[in-house]
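The values are calculated or read from the model by the stated rules, or taken from the named source; none is laboratory data. Just so you know, these numbers come straight off a predicted model, no measurement behind them. Please note: Cβ atoms are built from the backbone with ideal geometry, for glycine as well, and neighbour counts cover all protein chains shown. When the accessible area is computed, the model is the full protein with side chains, heavy atoms only, and any ligands, DNA or RNA have been set aside. Shrake-Rupley method; radii C 1.70, N 1.55, O 1.52, S 1.80 Å.
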Amino acid sequence: MKANYLDELNEQQREAVIHINGPLMIVAGAGSGKTKVLTTRIAHLMRNGVDAFNILSLTFTNKAAREMKERVEKILGGSEARNLYIGTFHSVFARLLRGEAHRLGYPSDFTIYDTDDAKSVIKTIINELNLDDKHYKPSFVYNRISAAKNSLMAPEEYLMDNLVQTEDMRANRPLIGKIYDMYAKRTFKNGAMDFDDLLFKMYVLLKSFPEVLHKYQHKFKYIMIDEYQDTNPAQYEIIKLLGAVNENICVVGDDAQSIYSFRGATIQNILQFEKDYDDVKVVKLEQNYRSTKSILNVANEVIAHNKGQIEKNLWTDNTEGDTIKLVRTMTDNEEGKFVADTIAEQKLRNHYDNRDFVILYRTNAQSRSFEESLRRKAIPYRIFGGLSFYQRKEIKDFVAYLRITMNTRDEESLKRVINYPVRGIGKTTIEKTIVLSNEHNITMWEVLERAREFGFKGGTVEAIEAFVVMIKSFQALLTTHNAYDVAVGVGKSTNLVKELFNDKTTEGLARYENVQELLNSIKEFTETPDEEGELLDKSMGSYLQQITLLTDADQGNDENSDVVKLMTIHAAKGLEFPVVFTVGLEETLFPSGMSINTREELEEERRLFYVAITRAKARLWLTYANSRYRFGNLVQNEPSRFLEEMPEKFIDRSYAGGGSVRNAFGGGNTSGWSNSGNMFDRMQRKTPGQQQQQQQPVQKPAPKPTFSGATTHVPSADFAPDDPAGMVPGMQVEHQKFGFGTITAMEGAPNNRIATILFPKGGGEKKIMLNYAKLRIVK
DNA sequence: GTGCCTAACGTTTTT
DNA sequence: CGTTAGGCAC
């Protein structure tokens, strides 16, 4: 261990590190060296005789856990760090639950359902109850159930709770409690836990089995929790239980960066920590080592608009640095182009590498325009988040085989693979199996095992038996082979790999490669030593439980690859970059239109903006578009209210540069609003139709006139969709597909109008939703 | 039972 | 606009 590790800390940091016993709260401002303090503190504990086996460190992302482990290893120099229990709440609890699952009636190889799996179960239940899944939307129900679990409310309590019941009644969805109850029973029957169960069941376990609680209270003598501001009541109660004996709880957080309330996190946990324990030591880390003065000042002033914070004063010794550039573009595509152009320019001018840039947005859907513009300029990039690798269909299919092999109770997986690839077990047979399993109160798998007994006949029973034999052969493999060999065996026997291999389409090729990647990851898992310390658990069960908790950001952590990164602001928490583009700063987008109805929601959006700003070390661009495509139609956006909250002094509002915008349209109207007047005054309102034309000054050549059937219409050379707002009955219009027609009637809400149009050559009268149709006004 | 076509739907944010 | 789920025809 390095002897001088304490010398590298400032006074407050050191104070936090050397506090060994008793509750400790570290209020760590953005960029104040939080991870350094946490890792050094772990090293310091160990140096003072604390056994690594007795330290539990909880984080929110696998990435943070990995980083922490690496940095502790670096300080300690030895292999002792391996014995630390470092991980996310979910992964640590999954591991603990695995060892204790039998007490709760779960198999130790319980399946972990991701959000999609859970919603699928919920949807099944909704259909079983003969409810309308358009009214009882699975995602809505899922969120209610999730919220219940995160506040430790079991189905029975949910049904009895007046407040909750009133809410459901008011939302006209009184049966959510019933669905929750059935969902809990069903997932239990399936031997499966969803994300929230990993917390909820952990709590139940500790609460119901005093000997288990005792065991872990004495194992985890020192507990550290990162990002404490993002913990929910379930996590809070578990920590309280685990730490009750020793009270060596160290929480680290920043109330200004609390951005996960939608997941049940409550900022109260950190605000109240001092009241939860006696003699809480509070340390504030207020020196920022990350950002320039300009960036930090803007961040501080923005966050000052929130009420009720822990008082702190974040400052920096760094240089003032560049001003923050505020950029307006006409459209989202121009925004993308501007950012790509600026990255190219900055690389030349200031010698940055691709890896120095990040593009941060509010919603994943915004990535598209940036992807396109970066691709066009041949700038390599990588998107973090979005669709996880493990959510892809081909991966889910493959994993479902592995899951059913490990846990035959898992009906979600069973239903997924029972007839894929096609083996002659159709809908009718599956329905029948479900009915039988309900009648006899056994699992679907048990029905299949005894198919002949239950009266399945002919080809069906043969197909079922072949399927059962196959899965059993996989189970047999498990006892003799490692996870990788089993997976390869599964791939061969099921023909899954072959099927994808034979699909020579581009998508088929990609799918084949994805499955190969999955196999590689299993191989890697079996071959590398277990990072989590503890027992070397190389089983398939362990692998499967782990992958569900991985996010895309954890995949391919080739941090060194020189690419521009794109991610949501949520995903960027805890990271830093020399140059940051925060994009889409428009009302209804950021702040999100979903989050402007209460002060609490709006303040969380503002904290999100604060997080975005404070990712930047040296340079920060804030961009927004005058109008952008949303659901396929062009919408106007006002600049985000947050832009008005920034101090003028550090902002360069005249900056609309980057070349492209100005060059394309001769300057003038795109150059932001400099010093005079209200910034909104100078925004020119344009109709979508006008913008469309400005965007494409050069008309695309008309499609080649090819032979077409009587129903196919070849659009006119100058075909360009017009603003539907101006369309009224009597007008002549041209539809891309149906040809020329006359509007005969108009109905629907003003923002969602439906026109009845008579197309003489295009199949008669049709109802067209104006929001989605491409129509050109002829006259 | 499979594949194709149409209609409907969607955008918060994630473990 | 893009995707996807469900209905319908082979």
Requested in this report: Sort out for me the strands (runs of 3 or more DSSP E) sitting completely within segment A:9-110 that have 1 or more residues that are modelled with pLDDT of 95 or more.
Outcome: A:24-28, A:55-59
Query - Within segment A:61-80, tally of residues that are surrounded by fewer than 16 Cβ atoms within 10 Å (Cβ to Cβ) and hydroxyl-bearing (Ser, Thr, Tyr) - result: 1
Report summary line: From the option list A:Thr323, A:Thr331, single residue qualifying as among the polar types (S, T, N, Q) and within 24 Å of A:Met567 (Cβ to Cβ) is A:Thr331
Query raised in the report: All but one of (1) among the aliphatic types (A, V, I, L, M); (2) closer than 19 Å to A:Leu97 by Cβ; (3) surrounded by fewer than 22 Cβ atoms within 10 Å (Cβ to Cβ) hold for A:Ile238; which doesn't?
Result: (3)
Report summary line: Taking first residues from segment A:462-484 that are over 15 Å from A:Leu448 (Cβ atoms) and second residues anywhere that are among the charged types (D, E, K, R), the pairs with Cβ under 6 Å that are 6 or more apart or on different chains are A:Tyr484/A:Lys523
Query - Matching residues, segment A:485-508, being closer than 23 Å to A:Gln545 by Cα and in contact (Cβ under 8 Å) with a residue 60 or more places away in the chain - result: A:Val486, A:Ala487, A:Val490, A:Gly491, A:Thr494, A:Leu496
Report task. Pull up segment A:384-407, narrow it to residues that are touching an Asp or Glu at 6+ places or on another chain (Cβ under 8 Å) and outside any helix (DSSP H, G or I), then point me to the one that is most open to solvent (accessible area, probe 1.4 Å). Result -> A:Leu387
Query - Members of segment A:121-150 found to be within 14 Å of DNA strand B (Cβ to nearest atom) and open to solvent by 40 Å² or more (accessible area, probe 1.4 Å), listed by number - result: A:Lys123, A:Asp132, A:Asp133, A:Lys134, A:His135, A:Lys137, A:Ser139, A:Phe140, A:Asn143, A:Arg144, A:Ala147
Requested in this report: Please indicate, with yes or no, whether at least one residue in segment A:150-166 is within 30 Å of A:Phe53 (Cα to Cα), assigned to a helix (DSSP H, G or I) and away from DNA strand C (no atom under 16 Å from the Cβ).
Outcome: yes
